[in-house]
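Student: Got a structure for you, written out below as C-alpha cells; questions coming shortly.
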Ligand SMILES: [Zn+2]
C-alpha cells in the first residue's frame, strides 16, 4: 500500500488554522458563473475570467469536488443550482465543517465594504475569526489627518497598538504590490520629504493609493518596530498576488535588509503565496530563524502541480517553518477548495517522502499537523485575542 493511502485518513481529520484569508463577500446564494470563476484567477480581465478559468485544472477540480459535496452532477451549472438551494449560514457552515477549519485569521481591510466583518463571519461559520491588520490601508486612512512624518508614524503606531488590544493577531503588508520588496532603511528627514510629496499628491487630487516607495519602506520599518513590541508576526505577500504585481520586485530574496536586521530576529516574517519563488522562500526559511513559508493562493491557483509545490518547499524548509493558509476570498468555495487541496497535496507529498524512506509514517503525520495547525498556534498570539 502506498504510504499516502495510510496517511490520508489521518490528515483528512486534522484541523486547519487558516492563518491568512479574507472574509467572503455578502452575496445571495444565487450567483452567476462569472462570480464562481472570479477567485480562480488574479486577473481582472473579463475574458480571462470567462474564457480561461474554466480550462484551468484548479477550476475543473473544484467543480468536481464541490459536486461531490453537494451531491450533484459535476458541472458548473449543476453546482450553481445546488448551492442556490441553501441559505447562506447553512452553506458557509457546510463548507467550513468539511474544510475542518479551526480558526480564520482575516485580513479584513481587503474589499471591506463588500465583505462580512470578522464578527459576522465568525457567527456565520461558527469558528473564531481573528483580525489581521493590512498596514497600507491603515496608513492611507491616516494620511489626510497627519501633519508630518513624525505625526504619521505616531498615529500609525497607536492604531496598531489599538488593533492588537482589540484582538488582532498579525500585521500584514502588501509592499510587494506597491513598491517592491527591496525595503531600504529611510532616515527621518527623507521620510518627511516623502510624506510631504504624498500630501502634495493628496491636495492635488492625484493620490489614489500609497505607493511612494520611500514612505512604504519607512512604514514597514515602523511596523516591524511595533510588531517586535507587541509580539505580532508580520505577513508579507510574495510573488503572485494582486493583478498589479510586478513579479521581479516581489522576490523574497530582496528582503535582505529586513532579514539581516538583528533587532527584528524575533518577529516572525510570514511569506505568503511565494509562487514562483518557492525555492527562494524555502531557502530563506532554512537560514533565517524568523522566516516562515506559506503557499496560500498558490496551491488553489496552481492546483495542477500542488503536490510538487509542497514537495519543493519541504525539500529545504524545516517543517516547523511551513504554514498552511488558503488566502480564501470572495466566495467560501475558494477557501474550502484550498483547504482540501492542502490536505490532499500534503498527503501525497509526505507519502512520497515516506515511500522513499526519507520519513516514517509517524514523522509524516507530525509534519502534517505542524503545517496545518501547530506552527500557526505557536507563532500567532491567538490566545490573547477575543473571538
Ligand atoms: Zn490575502
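Nothing in this text is a laboratory measurement; each read-out follows from the coordinates by a stated rule. Computed from a predicted structure; not experimentally measured. When we count neighbours, we look across all protein chains shown, and the Cβ atoms used for this are built from the backbone with ideal geometry, even at glycine.
Student: Check off (1) within 24 Å of residue 41 (Cα to Cα); (2) more than 16 Å from the ligand (Cβ to nearest atom); (3) touching a residue at least 60 places away in the same chain (Cβ under 8 Å); (4) crowded, with 19+ Cβ neighbours inside 10 Å for residue 249 and give me the number that stays unchecked.
Tutor: (4)
Student: Now a separate question. Could you list, in sequence order, the residues of segment 337-353 that are over 15 Å from residue 305 (Cβ atoms) and away from the ligand (no atom under 16 Å from the Cβ)?
Tutor: Within segment 337-353, 340, 343, 347, 350, 351, 353 qualify.
Student: Which one of these does residue 284 not meet: (1) in contact with a strand residue (DSSP E or B) (Cβ under 6 Å, 6 or more places away or on another chain); (2) under 28 Å from residue 128 (Cβ atoms)?
Tutor: Condition not satisfied by residue 284: (2).
Student: Looking at residue 366 and the list (1) outside any helix (DSSP H, G or I); (2) more than 16 Å from the ligand (Cβ to nearest atom), which single condition is not satisfied?
Tutor: (1)
Student: When only residues in segment 316-340 that are free of Cβ contacts under 8 Å to residues at least 60 places away in the same chain and out of contact with any strand residue (DSSP E or B) (no Cβ under 8 Å at 6 or more places or on another chain) count, which is farthest from residue 121 (Cα to Cα)?
Tutor: 316
Student: Then there's this: Among the residues of segment 105-142, what is the count of those that are under 19 Å from the mean Cα position of the chain (by Cα) and over 22 Å from residue 28 (Cβ atoms)?
Tutor: So the count comes out to 14.
Student: Exactly one condition in (1) touching a helix residue (DSSP H, G or I) at 6+ places or on another chain (Cβ under 8 Å); (2) surrounded by fewer than 16 Cβ atoms within 10 Å (Cβ to Cβ) is false for residue 91; which is it?
Tutor: It fails just one condition, (2).
Student: Right, next: Counting only residues that are touching a helix residue (DSSP H, G or I) at 6+ places or on another chain (Cβ under 6 Å) and under 30 Å from residue 364 (Cβ atoms), give me the helices (runs of 4 or more DSSP H) lying completely in segment 1-82 with at least 1 of them.
Tutor: 3-13, 57-70
Student: Just name the residue that is farthest from residue 226 (Cα to Cα) out of those in segment 252-283 that are in a helix (DSSP H, G or I) and within 16 Å of the ligand (Cβ to nearest atom).
Tutor: 281
Student: Kindly evaluate residue 136 against the criterion of being within 15 Å of the ligand (Cβ to nearest atom), surrounded by 14 or more Cβ atoms within 10 Å (Cβ to Cβ) and within 26 Å of residue 254 (Cα to Cα). Before you say what the answer is, go through the steps one by one.
Tutor: Numbers: within 15 Å of the ligand (Cβ to nearest atom): yes; surrounded by 14 or more Cβ atoms within 10 Å (Cβ to Cβ): yes; within 26 Å of residue 254 (Cα to Cα): yes.
When the stated conditions are applied, residue 136 passes them.
Student: While we're looking at this one, here's another question. Would you tally the residues in segment 12-36 being touching a residue at least 24 places away in the same chain (Cβ under 8 Å) and within 27 Å of residue 237 (Cβ to Cβ)?
Tutor: Summing the residues that are touching a residue at least 24 places away in the same chain (Cβ under 8 Å) and within 27 Å of residue 237 (Cβ to Cβ) in segment 12-36 gives 17.
Student: Return the total of residues in segment 284-300 being within 16 Å of the ligand (Cβ to nearest atom) and not in a strand (DSSP E or B).
Tutor: Here the count works out to 6.
Student: Something else now. For segment 104-117, name all the residues that are outside any helix (DSSP H, G or I) and within 16 Å of the ligand (Cβ to nearest atom).
Tutor: 104, 105, 106, 107, 108, 109, 110, 111, 115, 116
Student: For the subset of segment 139-195 comprising residues that are assigned to a helix (DSSP H, G or I) and in contact with a strand residue (DSSP E or B) (Cβ under 9 Å, 6 or more places away or on another chain), which member is surrounded by the fewest Cβ atoms within 10 Å (Cβ to Cβ)?
Tutor: 159
Student: Identify all residues within segment 298-315 that are in contact with a strand residue (DSSP E or B) (Cβ under 6 Å, 6 or more places away or on another chain) and touching a residue at least 40 places away in the same chain (Cβ under 8 Å); write none if there are none.
Tutor: 298
Student: What residue, of 50, 42, is within 16 Å of the ligand (Cβ to nearest atom) and either within 14 Å of residue 330 (Cβ to Cβ) or surrounded by 12 or more Cβ atoms within 10 Å (Cβ to Cβ) (or both)? So that I can check it myself, show each step before the final result.
Tutor: On the way: 50 fails: within 16 Å of the ligand (Cβ to nearest atom).
Every option except 42 fails the conditions.
Student: Pick from 67, 58: which is closer than 21 Å to residue 343 by Cα, under 22 Å from the mean Cα position of the chain (by Cα) and away from the ligand (no atom under 16 Å from the Cβ)?
Tutor: Details: 67 fails: under 22 Å from the mean Cα position of the chain (by Cα).
Exactly one residue qualifies, and that residue is 58.
Student: Any chance you could count how many residues in segment 301-313 are more than 16 Å from residue 277 (Cα to Cα) and within 16 Å of the ligand (Cβ to nearest atom)?
Tutor: Total satisfying the criteria: 0.
Student: For segment 314-335, how many residues meet the condition of being closer than 17 Å to residue 280 by Cα and either crowded, with 24+ Cβ neighbours inside 10 Å or within 13 Å of the ligand (Cβ to nearest atom) (or both)?
Tutor: Residues that pass the stated criteria total 2.
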